[in-house]
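This report concerns only the one structure given below.
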Amino acid sequence: MELKNLVIRELQVNDGQQPFISDLGGSCDIDNPFAQETVASLNNALARRATLTHGAFNPDNEDGQVFINAFESYVASEQTADDFLNLADVGIDQLAQAMSKVSMESASGGYVIFSQFQDDKFEYLLVGLVRNRTGISFNENLNPTEVREVDLGKLHQAAKINITSYSLSKDSYLSFMGGKDKADAAFFANAFGCTDVVASKKSTSELIRAARDFCSQNGMNEKREQVVEDVVSYLSGQRSDKQSA
């Protein structure tokens with residue numbers, strides 16, 4: 001993985017349960033090994049989730065049009081660190097607005113990690129919402145003491161955009177991971193202008209059905225089950241390698 005840009009901001013909630021963006025944070029040093037480990041951990045956490053939804057930008061989604069326009073401008077730009085910071089500011093502001101429309105539980109804030117990286121032949125934009133967790137450590141006298149750390153392994157919400165696929169005008173280049181509540185799960189998708197999404201499970205079923213239909217329509221009935229088996233094997237291999245299909 002080659003980390004290209006990274007912006008981290010804190011999304012806080014005031015007493016009136018209205019999310020707002022902390023003034024702290026901004027562009028991070030991408031040469032910092034901990035910065036690279038942070039993004040790699042987020043990407044791995046997302047890859048482990050089997051309940052992703054997929055889709056593309058919806059130009060009819062007025063709430064997400066602000067981010068869609070900013071993303072299109074960024075892709076067409078020189079993609080400097082300042083350009084990415086501007087894109088991140090727009091995206092995080094849209095997240096805060098979308099979060100204000102969901103439940104009180106989801107409006108508990110956290111850290112928004114906005115990153116761009118190259119992985120193999122694809123370039124991605126990955127956005128994740130993470131929160132703190134309480135742990136135990138030992139102080140200088142070896143007495144147990146409480147510590148708080150960012151729980152990178154537990155994503156609360158996430159969005160991943162395949163910039164390469166988007167630039168090639170592919171049909172699907174967005175994937176989302178939402179929370180347990182359906183209303184809460186949608187706020188990431190709404191913030192980024194994607195409302196036409198399909199669950200991974202449904203996409204897999206559609207692909208297997210399409211393979212069977214293709215064989216039937218092309219006189220390949222005797223090879224149908226072998227083709228389906230090959231498709232399932234391919235999907236299993238991609239999932240094991242944490243790759244998209």
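The values are calculated or read from the model by the stated rules, or taken from the named source; none is laboratory data. This is a predicted model, so every value here is computed, not measured. Here Cβ is always computed from backbone atoms with ideal geometry, including for glycine, and neighbour counts include all displayed protein chains. When the accessible area is computed, the model is the full protein with side chains, heavy atoms only, and any ligands, DNA or RNA have been set aside. Shrake-Rupley method; radii C 1.70, N 1.55, O 1.52, S 1.80 Å.
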_Just to verify a number: what accessible area does ARG9 come out at with the full protein assembly present, 1.4 Å probe, Å² rounded to tens?_
40
*Give the long-range amide H neighbours of ASN5: residues separated by 5 or more places, or on another chain, with amide H under 5 Å away, using H modelled in the peptide plane at 1.01 Å from N.*
GLN116
*For the cross-link pairs LYS101/LYS160; LYS160/LYS223; LYS4/LYS154; LYS4/LYS101, which exceed 27 Å when the distance is taken from alpha carbon to alpha carbon?*
LYS160/LYS223; LYS4/LYS101
_Local net charge near LEU125, Cβ-Cβ under 13 Å (Lys/Arg +1, Asp/Glu -1)_ = -2
*Considering only protein heavy atoms, with the full assembly of protein chains and a 1.4 angstrom probe, order TYR74, TYR234 by accessible area, largest first.*
TYR234, TYR74
*Hey, can you grab everything whose amide H is under 5 Å from the amide H of GLY64? Only 5+ residues off in sequence or another chain; H modelled, so Pro and N-termini drop out.*
GLY193
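Once the Cβ-Cβ distance between GLU225 and ASN44 is put in as r, and R0 is 45 Å, what FRET efficiency do you end up with, to the nearest 0.05?
Efficiency computed from Cβ-Cβ geometry: 0.85.
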*May I ask for the net charge around LEU155, where only other residues with Cβ less than 10 Å from the Cβ of LEU155 are counted and Lys, Arg are +1 while Asp, Glu are -1?*
+3
*Once the piece of chain linking THR80 and ASN139 is laid out straight, how much longer is it, given 0.36 nm per residue of separation minus the C-alpha distance between them?*
17.0 nm
